[in-house]
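The values are calculated or read from the model by the stated rules, or taken from the named source; none is laboratory data. Predicted, not measured: the structure shown is a model, and the values here were computed from it. Here the Cβ positions follow ideal geometry from the backbone for every residue, glycine too, while neighbour counts run over all protein chains shown.
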Amino acid sequence: MEKVILHCDLNNFYASVEQKNHPEYAGMPLAVSGNPEKRHGIILAKNYLAKACGVQTGEAIWLSKQKCPNIVLVPPHFEEYVKYSEMVRGIYTEFTDRVESFGLDECWLDVTGSLKFFGKTPGELADLIRETVKERTGLTISVGVSFTKVLAKLGSDLKKPDATSILMRSNYMDVIGVMSPAELIYVGRKTAEKLKKLNIHTIKQLAGASRDMLRQHFGIVGDHLVDYASGVEREEVKHYYDTHIPKSISNGTTTPKDIVNLQEAKTVIYAISELVASRMRKYGLVANGVSLSIRHAETLDTISRHTTLEFPTSNASDFAKSAVMLLKEMHTFPKPLRSLTVGAIRLESADVRQLCLIEENEKEEMLESSIDAIRNRFGYNSITRGVVLGNNLTGNLHEEDGFEPFKR
């Protein structure tokens, strides 16, 4: 039996949640934005009225106000987005146990085995799920119906908002064949540009392209590109309750003022590393490596490096020391920095880590776990590292950490 895969995409998710929680903004152009005072002054999400005025995600707030003078700007409330995301995913699990999240606002559903149970065609079941989400949450979703994850994702983008699009094997190429390969998930802009140089301008051309030729230019990815376009599926939709270990966990911040010396950078790195380590311990993970990304204040270019840890850990001090070492290799002060991001990479469950931790490291991890418990009970600022005391760079960095995209 041909698989039936749905891709369900919450429409204008952040902005829709804000409008639901603030009915007084009904009928008004609205955008969720960062805080200009912290130099986070960009548009994070917008509703359709703002979009109609030309407002774009990622652009500066001042530019969006020029395009749409009456736009309503609201700060993000990530805890609300997580709440609604979990609520919607719970609805999906009433229709199938194969629900795979793709961020907070998107999910794939394999409903192949559900059609007979509900007595519905693929399109009818998609419509039922849309109506159920709308009735219970007040939010709308767009659903793509197809036989692979990639094509279902493309289908959900064809009609918005609150619509169902069907791309089955019998008709999908008639609908999307003339579209650019860049419309396919996993086919980035640079890849699409390389394909153009090979005279591949459409999805139909990509589906019929020589695999040998594409391998010469893209390696094994060349086979994947043809598969995406021709409807060959190599991935199952995951079970919702499968244990998922993210590839990395990172935190970063754009500081209120430029970082102009190593001591200031250390302050920010230690503060960020504590957030990363705390999140890892919360989910029972350890890291085998650390990454650091820096953004220069003058040119706004970003540089990233990574290094391997001596042993797997969730220790903030180990993350910070490694990140500082990377910084010294990557950057020379007083050239100013605008932002820093620390990441824990190559993660694994703490239950399967090596048993060769030295005693000193075990003591350090026990100490940090105790600090977690104190902060959970009395608040984050109840205990603070000396290295971050008295600085005006990290601000309320911990308060911005409510967004946990891998939260289950």
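Tabulated data for the structure shown
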item: So Asp223, is it more than 24 Å from Val143 (Cα to Cα), of a type in the set (Asp, Glu) and free of Cβ contacts under 8 Å to residues at least 60 places away in the same chain; result: yes
item: Listing of strands (runs of 3 or more DSSP E) fully contained in the stretch 241-352 that carry 3 or more residues being at pLDDT 95 or above and of a type in the set (Asp, Glu); result: none
item: Among the residues listed as Thr191, Thr202, Thr255, the single one being polar (S, T, N, Q) and in contact (Cβ under 8 Å) with a residue 40 or more places away in the chain; result: Thr255
item: Qualifying positions in the stretch 116-173 - in contact with a strand residue (DSSP E or B) (Cβ under 9 Å, 6 or more places away or on another chain), among the small types (Gly, Ala, Ser) and not in a strand (DSSP E or B); result: Gly123, Ala126, Ala152, Gly155, Ser156, Ala163
item: Number of positions in the stretch 58-113 that are of a type in the set (Gly, Ala, Ser), in a loop (DSSP other than H, G, I, E, B) and closer than 18 Å to Thr148 by Cα; result: 1
item: Some residue of the stretch 203-223 being surrounded by fewer than 20 Cβ atoms within 10 Å (Cβ to Cβ), under 30 Å from Ser114 (Cα atoms) and either among the charged types (D, E, K, R) or under 26 Å from the mean Cα position of the chain (by Cα) (or both); result: no
item: Residues being surrounded by fewer than 17 Cβ atoms within 10 Å (Cβ to Cβ) and either touching a helix residue (DSSP H, G or I) at 6+ places or on another chain (Cβ under 8 Å) or in contact (Cβ under 8 Å) with a residue 24 or more places away in the chain (or both) - total across the stretch 8-24; result: 3
item: Residue within the stretch 3-17 that is over 23 Å from Ser101 (Cβ atoms) and in the same structural domain as Val143 (by TED's automatic domain parsing) present; result: no
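So that you can scan it fast, the table gives a plain yes or no per residue for (1) within 30 Å of Lys196 (Cα to Cα); (2) at pLDDT below 95; (3) of a type in the set (Asp, Glu):
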position	(1), (2), (3)
Glu131	no, no, yes
Arg136	no, no, no
Ser165	yes, no, no
Asn171	yes, yes, no
